[in-house]
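Data block below; observations after.
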Amino acid sequence: MSYIDGFVIAVPTANREKFVGHAGTLDAVFLEFGATRVVECWGDDVPEGKLTDFRRAVQAKPDETVVFSWIEWPDKATRDAGMEKVMKDPRMDVANEMPFDGKRMIFGGFVPVVSLPG
């Protein structure tokens, strides 16, 4: 059984390359401490909804792009142990220099209930 950490953020569109570099640095740390995969997706087709949508969820401004990301872990125990190590790792200090407003990030941990193929 795997475990997923999911994230949605608004990144200034002009900061795309900074974001990619920043993510590459931090994502390597997650992999080192047990994550099996990290995916960072730059918004391409993110429609406005009638009641809610990704843009509203992160209060994206007109000059920002929504990024949808996830970290895959083998299980929650590996995730918990890995995240503890990640948060203590000095390489994470660059997180203070995020090329986006971290206060508007939404995130959570998820247990998959359907996964195809299997």
Residues being surrounded by 14 or more Cβ atoms within 10 Å (Cβ to Cβ) and under 11 Å from residue 2 (Cα atoms): count how many of those fall in the range 77-95. 2
Please go through the range 34-65 and pick out each residue that is more than 12 Å from residue 10 (Cβ to Cβ), open to solvent by 50 Å² or more (accessible area, probe 1.4 Å) and in a loop (DSSP other than H, G, I, E, B). 36, 44, 45, 47, 48, 50, 51, 52
Among the residues of the range 1-19, write down those that are more than 13 Å from residue 98 (Cβ to Cβ), at pLDDT 95 or above, touching an Asp or Glu at 6+ places or on another chain (Cβ under 8 Å) and not polar (S, T, N, Q). 3, 4, 14
Those residues that are in contact with a Phe, Trp or Tyr (Cβ under 9 Å, 6 or more places away or on another chain) and within 15 Å of residue 44 (Cβ to Cβ), I need them from the range 10-19; list them, please. 10, 11, 16, 19
Kindly list, by first and then second residue, each pair from a residue in the range 20-34 that is free of Cβ contacts under 8 Å to residues at least 60 places away in the same chain to a residue that is open to solvent by 50 Å² or more (accessible area, probe 1.4 Å) and assigned to a loop (DSSP other than H, G, I, E, B), limited to pairs with Cβ atoms under 9 Å and residues at least 6 apart or on different chains. 34/74
Confirm whether residue 30 is assigned to a helix (DSSP H, G or I), among the hydrophobic types (A, V, I, L, M, F, W, C) and either crowded, with 16+ Cβ neighbours inside 10 Å or touching a Ser or Thr at 6+ places or on another chain (Cβ under 9 Å) (or both). yes
Only unsatisfied item for residue 93, checking (1) more than 25 Å from residue 13 (Cβ to Cβ); (2) in a helix (DSSP H, G or I); (3) at pLDDT 95 or above; (4) among the charged types (D, E, K, R), is (3)
If you go through the range 96-118, how many residues are closer than 27 Å to residue 21 by Cβ, of a type in the set (A, V, I, L, M, F, W, C) and either free of Cβ contacts under 8 Å to residues at least 60 places away in the same chain or surrounded by 15 or more Cβ atoms within 10 Å (Cβ to Cβ) (or both)? 3
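The values are calculated or read from the model by the stated rules, or taken from the named source; none is laboratory data. From a predicted model like this one, the values you see are computed outputs, not experimental measurements. Ideal geometry is used to build each Cβ from the backbone, glycine not excepted, and the neighbour counts take in all protein chains shown. Side chains included, ligands, DNA and RNA excluded: accessible areas come from the protein's heavy atoms. Shrake-Rupley method; radii C 1.70, N 1.55, O 1.52, S 1.80 Å.
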